[in-house]
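Asker: Here it is, the structure, as structure tokens.
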Amino acid sequence: MNKEICEKNMDKFMLLDKYERIPISVTLHLLKCRECRTKVHYLSLAEKYAAEPVKNSPLKTALENMQVKPVSMTKWIIWGIVMLFLMVTSGLFLNRTDRESFAIIFNVIFGLLITAYCAIFVGTNMDFFIKKIEKVQTA
């Protein structure tokens, strides 16, 4: 077959999304051209094998054997209690002032602090949460 025709048809085939209908021109070419038909067959097999779950791979074994380090909750609880204490005491202080702008500024800053506290907690203990989610999904 003509190499240019083969390349054009293979390009059309490669541009298709998964399970998209193959154009009739490509189908007719594949029926005539044994070389392109073989390439498409090998590409389909490669996609099939790549989509299968990894079986007995060293990476899967390493992930299964990986131990989750215990999360020390004491420092997080202590800082959470400190933040709650500061929120209550500052709330009492803000009730005595007549300026509403102080309360708004304080609430925005405190909201940002709580958001940062939660983000840092989750970010530093990500593998703990991932393992817990995997255990819940497999159960």
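The values are calculated or read from the model by the stated rules, or taken from the named source; none is laboratory data. Everything numeric here is computed off the predicted structure, so don't read it as measured data. Cβ: placed from backbone, ideal geometry, glycine included. Neighbour counts: every protein chain shown. The area values use the complete protein model at the heavy-atom level, side chains included, leaving out ligands, DNA and RNA. Shrake-Rupley method; radii C 1.70, N 1.55, O 1.52, S 1.80 Å.
Asker: If you go through the range 96-123, how many residues are outside any helix (DSSP H, G or I) and under 30 Å from the mean Cα position of the chain (by Cα)?
Answerer: 0
Asker: Please indicate, with yes or no, whether at least one residue in the range 85-95 is part of a loop (DSSP other than H, G, I, E, B), at pLDDT 85 or above and either surrounded by 10 or more Cβ atoms within 10 Å (Cβ to Cβ) or at positive phi (or both).
Answerer: No, that holds for no residue.
Asker: Name the helices (runs of 4 or more DSSP H) wholly within the range 1-84 that hold at least 1 residues that are of a type in the set (Lys, Arg), at pLDDT below 90 and surrounded by 10 or more Cβ atoms within 10 Å (Cβ to Cβ)?
Answerer: In the range 1-84, 24-32, 34-51, 58-65 are the helices (runs of 4 or more DSSP H) which contain 1 or more residues that are of a type in the set (Lys, Arg), at pLDDT below 90 and surrounded by 10 or more Cβ atoms within 10 Å (Cβ to Cβ).
Asker: Read through the list (1) open to solvent by less than 90 Å² (accessible area, probe 1.4 Å); (2) at pLDDT 70 or above, then give the number of the only condition that residue 100 fails.
Answerer: Going through (1) open to solvent by less than 90 Å² (accessible area, probe 1.4 Å); (2) at pLDDT 70 or above one by one, residue 100 breaks only (1).
Asker: Scan the range 103-139 for residues that are of a type outside the set (A, V, I, L, M), modelled with pLDDT of 75 or more and surrounded by 12 or more Cβ atoms within 10 Å (Cβ to Cβ) and jot them down.
Answerer: 106, 107, 110, 117, 121
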